[in-house]
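Please read the structure below before turning to the comments.
Bear in mind that the values in this text are calculations on the coordinates, not laboratory data. Just so it is clear, the structure is predicted and the values come from calculations on it, not from any experiment. Backbone-built Cβ (ideal geometry, glycine too); neighbour counts: all protein chains shown.
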Amino acid sequence: MNFRIFIYLILILFISCDRAAKILTKSDLKVELLTQGPASSLRGLSVPDDSTFWACGSKGWVGRSVNRGKNIEWKQIKGYEKCDFRSIYAFNAHLAIIANAGSPAYILKTNDAGGTWSQVYENTDSLTFIDGITFIDDTNGILIGDPMNGHLLILQTKNAGNSWSIQKSAPIAYPGEACFAASGTSIRTNKKGAIWIGTGGTHSRVLHSMDFGANWESIELPMTMGKASQGIFSVLFTTTTSGIVVGGDYKNDSLSLENCLLTSDGCKTWNKPEIPPKGYCSCIETITEHQFITTGTKGTNLSEDDGKTWATLDTGSFNTVCSSGTGHTVILAGKKGRIGVLYPKAITTPIDK
């Protein structure tokens, strides 16, 4: 090979790798409103890959895009028009599971991109209130709900959501303690079977299991608490030891005190950030390995140092934010069918959640 051509190819490879490794900072990023969808308060959001996202909300509405929001197909599910679908888990562009908050409680599943939905669970108890749903793999999933009979409601599936059963080892709840369904992210899992749940109301706790819910550990946190509108609204763990919880008071959404805590030792100790996110935060999500994003009714915040300091990225109101896991696609959703995207897209190394 000609020596000059060889050197030229090496330079091209070096430049390409340098560009691929670039992580966009706050000055590069903005939240761009994609669309104003149906008159639905959107709280459920799932982004299974860089092109696809699903959103769901009140009045039985579900939205799906397969081109990163260029086009969004909206559908009001017949027979469930009164349901407030706040939780969703999408496996891909065709397969998704949704759950509503309130009673009667339903879990629905689609295998044909939302063309038809099958009811796979129903609970008519007046106390039923589903807060979030997630999966550790394509088969095993878990759902969290408000307390019933003194215990948090925890449902499990071992057949990709086709049927659900109550977990008998669910943690005991304190009087006045519950989870929040503001973004469907008060529960998170990883691929090793670890589960984290955030609570609020009279107590702000992280409930942690390392064995898919067979055994639970309870950790009290110094978050805002004491009222039904206060507590932990969203949890996020990037490893089994490193995590962030956010929340506050949705009835006093300008308050920034005790709205974010960090751990790096597996929930043993928790620390406040040097500069907290502004206002009530209903959701937290990963962008890159060290970049995190929170959102809520008072705006969206960005951290570029593992959650230690936060800065306002956008002042628009959103309820939830979700990333594809690579950081290439980050979607936000909120009231009145608002859908936003973090733009331009960040180029990062995929994160194993």
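Of note:
- Charged neighbours of TYR174, selected by a Cβ distance under 12 Å, balance to -1 (K, R count +1; D, E count -1).
- Sum of -39500 (n - 2.57) over DSSP H runs of 4+, divided by residues of the chain (222 nm, nearest 500): -2000 deg cm²/dmol
- Dipole magnitude of the chain about its Cα centre (Cβ charges: Lys, Arg +1; Asp, Glu -1), debye to nearest 20: 740
- Diffusion coefficient, µm² s⁻¹, Stokes-Einstein with Kirkwood Rh over alpha-carbon pairs of the chain at 10 °C and 1.306 mPa s: 78
- Taking GluC sites (Glu not before Pro) in DSSP loop states with no more than 15 other Cβ atoms inside 10 Å as exposed sites, the chain has its longest site-free stretch at 82-273.
- Between 0 and 90°, nearest 10: helix 3-21 axis offset from the chain longest Cα axis: 30
- The fewest-to-most ranking of TRP196, TRP61, TRP54, TRP74 by surrounding Cβ atoms within 10 Å reads TRP74, TRP196, TRP61, TRP54.
- Only lysines eight or more places from LYS227 in sequence, or on another chain, were considered; those with a Cα closer than 23 Å are LYS251, LYS272, LYS278, LYS298.
- Available extension along the chain between GLU32 and ASN71 is 12.6 nm, counting 0.36 nm per residue and deducting the alpha carbon span.
- You can think of it this way: the chain between SER165 and ASP49 has 38.9 nm of extra reach, that is 0.36 nm per residue less the Cα-Cα gap.
- For ASP146, net neighbour charge (Lys/Arg +1, Asp/Glu -1) across residues whose Cβ lies under 10 Å away: -2
- Extension gain, HIS290 back to THR312 (0.36 nm per residue minus Cα-Cα distance, nm): 6.3 nm
- Here PHE129, PHE292 are placed in order of increasing Cβ neighbour count within 10 Å, fewest first, which gives PHE129, PHE292.
- Förster-model FRET efficiency, 22 Å R0, HIS94 and LYS191, C-beta, rounded to 0.05: 0.55
- Environment charge of ARG86, counting only residues whose C-beta is closer than 11 Å and scoring Lys/Arg +1, Asp/Glu -1: -1
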